[in-house]
1. Which residue is nearest to PRO114 (Cα to Cα), if the candidates are limited to segment 34-70 and must be under 13 Å from the mean Cα position of the chain (by Cα) and hydrophobic (A, V, I, L, M, F, W, C)?
2. What do you reckon, is GLY169 at positive phi, out of contact with any Cys (no Cβ under 9 Å at 6 or more places or on another chain), assigned by the TED database to the domain that holds LEU8 and not β-branched (Val, Ile, Thr)?
3. Out of all the residues in segment 193-212, which are open to solvent by 30 Å² or more (accessible area, probe 1.4 Å), in a strand (DSSP E or B) and under 17 Å from ASP24 (Cα atoms)?
4. Which residues, taken from segment 69-90, are in contact with a Lys or Arg (Cβ under 7 Å, 6 or more places away or on another chain) and aliphatic (A, V, I, L, M)?
5. Here are THR63, THR13: which of them is open to solvent by 50 Å² or more (accessible area, probe 1.4 Å), among the polar types (S, T, N, Q) and under 26 Å from PRO210 (Cα atoms)?
6. Just name the residue that is least open to solvent (accessible area, probe 1.4 Å) out of those in segment 67-104 that are touching a residue at least 24 places away in the same chain (Cβ under 8 Å) and of a type in the set (Gly, Ala, Ser).
7. Please enumerate the residues belonging to segment 122-138 that are surrounded by fewer than 17 Cβ atoms within 10 Å (Cβ to Cβ) and in contact (Cβ under 8 Å) with a residue 24 or more places away in the chain.
Amino acid sequence: MKIQLQDLTVSITGTSRYNGGKYDIARVETLLVTTEPLPTEWSWYVPAGVSVPPEVLAMFDATGITMLPTLAENVLKGTEDVLQQAEAENLEEVKMDAAKLLLRTVLKKSTLTPIPDAPNTYHLSYEHKLYPVKGNPKAFDYKITLPFDGLHLNTSGGRVQVTVLTPIGAQIDQNETKGIDEQKREIAEQVAHLQNSNRFAVNFGYQIDPDFTIRYIYQ
């Protein structure tokens, strides 16, 4: 399925400054414009906003699993043979399957909501927790891959864009904040300091399927 536009906006609330550094809260809103109607049976699993225990986060870290929106049919893909892999003592495969099963428990099923009177235009919103970067309790990463799993950019002018509003008092780590395209080339971000609220707005725009990381640090 091809998209003409995915516009994703994230507002991050700095709850970690008041809850002992446990987590911040990210509110995500996305607008999607497709080249044709989405199949009605399509749905995605997105972060459910539940608290994730440190040992589960460590498992995700160890296996490279990330809590990104995932097409429903792909969430548990490849885990069907976990018992056979265990019997075969294939530790790495079992570890990866276990991480996927754990991931499923912290995701919720969502569908894109059609916008009335706007053909092939959809909206999705969700909220989830961001946890400190391993080894750096004052740093947080917001990560996203666009377009969402199962969608592809239209080669004729398709575009994705991300805007992230960071918490009050957090500074942007420009070494770790980056977009990476399919060819592993870096995409430059735009950063604006909103002085009245002491927050930063970070923006990316691109036309090839990229991964984005926005890192901010409390001083």
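1. At the first step, the residues of segment 34-70 found to be under 13 Å from the mean Cα position of the chain (by Cα) are 44-49, 65-70.
Now narrow it down to the ones that are hydrophobic (A, V, I, L, M, F, W, C): 44, 46, 48, 65, 67-68.
On the way: TRP44: 14, VAL46: 17, ALA48: 21, ILE65: 30, MET67: 24, LEU68: 21 Å.
Checked segment 34-70; the qualifying residue nearest to PRO114 (Cα to Cα) is TRP44.
2. Details: at positive phi: yes; out of contact with any Cys (no Cβ under 9 Å at 6 or more places or on another chain): yes; assigned by the TED database to the domain that holds LEU8: yes; not β-branched (Val, Ile, Thr): yes.
Yes; evaluated as a whole, the condition is true for this residue.
3. Correct list: ARG199 only.
4. ALA72, VAL75, LEU76
5. On the way: THR63 fails: open to solvent by 50 Å² or more (accessible area, probe 1.4 Å).
Answer to the selection: THR13.
6. Here the answer is ALA99.
7. Residues of segment 122-138 surrounded by fewer than 17 Cβ atoms within 10 Å (Cβ to Cβ): 123, 125, 127, 133-138.
Across segment 122-138, the qualifying residues are HIS123, SER125, GLU127, VAL133, LYS134, ASN136, PRO137, LYS138.
The values are calculated or read from the model by the stated rules, or taken from the named source; none is laboratory data. Just so it is clear, the model here is predicted, and its values are computed rather than measured. In this analysis, Cβ positions are derived from the backbone assuming ideal geometry, glycine residues included, and neighbour counts consider all displayed protein chains. To get the accessible areas, we keep the full protein, side chains included, count just its heavy atoms, and leave off ligands, DNA and RNA. Shrake-Rupley method; radii C 1.70, N 1.55, O 1.52, S 1.80 Å.
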